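The next block holds one structure in the form of structure tokens; read it before the comments.
The values are calculated or read from the model by the stated rules, or taken from the named source; none is laboratory data. Note that the coordinates shown come from a computational prediction; the quantities given were computed from them, not determined experimentally. Ideal geometry is used to build each Cβ from the backbone, glycine not excepted, and the neighbour counts take in all protein chains shown. With ligands, DNA and RNA removed, areas are computed over all heavy atoms of the protein, side chains included. Shrake-Rupley method; radii C 1.70, N 1.55, O 1.52, S 1.80 Å.
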Amino acid sequence: MPPPSDPNPTAASFDLRGLLDGRRGEGLALMQAHINPVFAKVLKTIGFDRTYERALGAHAWDAEGRDYLDFLGGYAVVNMGRNHPVIRRALEDYLALDAASWMQFDAPLLAGVLAEELVRRMPNRLERVFFTNSGTEGIECAIKFAKCATRRPAVVSTVRGFHGLTNGALGLNGDESFRQGFGPFLPGFRQVPFNDLESLDRELARGDVAAFVVEPIQGKGVNLPEPGYLAAAARLCRSRGALFVADEVQTGIGRTGSFLAIEQEGEVDPDMVVLSKALSGGYVPVGAVLVRRNVWERVFTSMDRAIVHSSTFHMGGLAMTAGLAALHVLDAERLAENARRRGEQLRKGLLAMQPRFEFLRAVRQRGLMIAIELGPPRSLRLRAAWSMVQAMDRNLFAQAVVMPLMDDHRIITQVAGHQLPVVKLIPPLVIDEADVQRFLAAFEQVMVGLHRFPGPVWDVLRRLGRNVIARDSAAGNGSSAAAAPLAAGTSP
Ligand code: PLP
């Protein structure tokens, strides 16, 4: 007998649209009441307390129909643009199938096909795939596999690196502001400076290192690898019996102009590659860890260990569909190529402004992963103002760019620096010429305002600075290095 087409036709329908219409505008109050009042306060303080009604591609609209240009890209989740019609259609098709997802003791076809598609895109022979639901879960998987395969306890990561915020991944985190209050972390986890092969080799020589986990480009700060660094690091790992894990959660899926960022770094031969974020197509959380076969075989050694590493929700049908459709769109629309082209336009446009703007210190760019680093000015008058702001909070100055970009131009960006303030751009890979021009024109205007001291931008900075000082004295510490609400969005 065929299955019934609707097992429960009498169930009352759930009115999502009615719910949204009925409670329009309540998001911030609800966040304040039940989710994260501190974050709600940050949103208000930096003027990000907007209500977005719709989004498409690189744009979103609020209730008044005002258009926002999204250069934050959901933290590099929406590489294919928001609500891509092809991905949405694929998900609708999947839902219409009434498919048998999460049967658990079965071999879901879509997971197999997505694994095949990912393996095909690897620069080397990584042939096993473990699916996850997030980036940090992929890192946890890589840590476990590395320890099990090598029978070694230690994992090395980089200073200023970011790999997620669960317990194991946090142990790899190279930014004290995320770690404060959550230690101690797993024993044997150590850090070396990014781009420093000597320090890495010193750690590897101790003989206890299971893996070196590294972002090909550090997300926070967009710190680029020196030529040859990643390939040499991978070789060093191999020679010392450690595994090389490329965390491409943010840099992967076309972001930097190639499918993986390591493809642009010579012969990098990773033992594991971690993906997530944009694999979701901007719809369904998903991640994947690509694993060299001999590593995988040392973990899953027998039938009684067939699911020794697993998770209830991995290989979900919607997630696998989103992944397949996302890869399809990435290829069909040549988005990696667009990332290269638009990134280059942005870089050139920004560098052309550098002679005019003393605060514009450096531009770091690979594809559509861009850092605009601000630094001390030459002229004495501006320098005094800069020093005052830097003394209050190291990220504060970048807010003087992020806030007016939002307030005056409705362009969404983020702060993502370390010692020096950085404005970071990670837009969807679908941005076009007009988006680039809109950003450059807006940025230029913001820079003009910033170089006018005294001026309205500096008044805002002074007000924000007072908040920082109040926060620090309330917390009983004089240090502005504590996790700063004003550095909101300093997540990589
Ligand atoms: N690894 C890198 C390089 C990331 O940028 C991130 C998130 O920003 C993660 C891991 C963690 O991913 P998730 O937030 O999905 O846990």
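Taking the range 388-428 as the range and being open to solvent by 10 Å² or more (accessible area, probe 1.4 Å) and modelled with pLDDT of 90 or more as the test, the residues that pass are 403, 404, 407, 408, 409, 410, 412. Mind checking which residues of the range 116-135 are within 13 Å of residue 320 (Cβ to Cβ) and away from the ligand (no atom under 16 Å from the Cβ)? Result: 116, 117, 118, 129.
Would you say residue 435 is assigned to a helix (DSSP H, G or I), at pLDDT 85 or above and either surrounded by 14 or more Cβ atoms within 10 Å (Cβ to Cβ) or among the aliphatic types (A, V, I, L, M) (or both)? Yes: the conditions hold for residue 435.
Against the conditions (1) open to solvent by 50 Å² or more (accessible area, probe 1.4 Å); (2) aromatic (Phe, Trp, Tyr); (3) closer than 23 Å to residue 202 by Cα, residue 162 satisfies every one except (1). Scanning the range 290-340 for residues that are part of a helix (DSSP H, G or I) and of a type in the set (Ser, Thr, Tyr) yields a single hit, 321. Entry remark, the range 355-371: residues being crowded, with 19+ Cβ neighbours inside 10 Å and either farther than 15 Å from residue 342 by Cβ or not assigned by TED's automatic domain parsing to the domain that holds residue 447 (or both) number 4 in total.
Inside the range 233-284, can you point out the residues that are within 16 Å of residue 73 (Cβ to Cβ) and open to solvent by 10 Å² or more (accessible area, probe 1.4 Å)? Residues satisfying the conditions are 249, 250, 277, 282, 283. Selection of the range 173-225 for residues being without any contact (Cβ under 8 Å) to a residue 40 or more places away in the chain and over 18 Å from residue 156 (Cβ atoms) yields 181, 182.
Quick grid of which residues meet (1) away from the ligand (no atom under 14 Å from the Cβ); (2) without any contact (Cβ under 8 Å) to a residue 60 or more places away in the chain; (3) in the same structural domain as residue 264 (by TED's automatic domain parsing):
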| position | (1), (2), (3) |
| --- | --- |
| 114 | yes, no, yes |
| 137 | no, no, yes |
| 140 | no, yes, yes |
| 148 | yes, no, yes |
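May I ask you to verify whether residue 301 is among the hydroxyl-bearing types (Ser, Thr, Tyr), away from the ligand (no atom under 16 Å from the Cβ) and open to solvent by 20 Å² or more (accessible area, probe 1.4 Å)? Yes: the conditions hold for residue 301. For the range 1-115, the strands (runs of 3 or more DSSP E) that sit wholly inside it and include 3 or more residues that are open to solvent by 60 Å² or more (accessible area, probe 1.4 Å) and not β-branched (Val, Ile, Thr) are 52-56. Here the strands (runs of 3 or more DSSP E) wholly within the range 176-259 that include at least 2 residues being within 16 Å of the ligand (Cβ to nearest atom) and either closer than 22 Å to residue 125 by Cβ or outside the structural domain of residue 124 (by TED's automatic domain parsing) (or both) are 209-214, 243-247. For the range 345-371, the set of residues classified as free of Cβ contacts under 8 Å to residues at least 60 places away in the same chain and in contact with a helix residue (DSSP H, G or I) (Cβ under 8 Å, 6 or more places away or on another chain) consists of 363 only.
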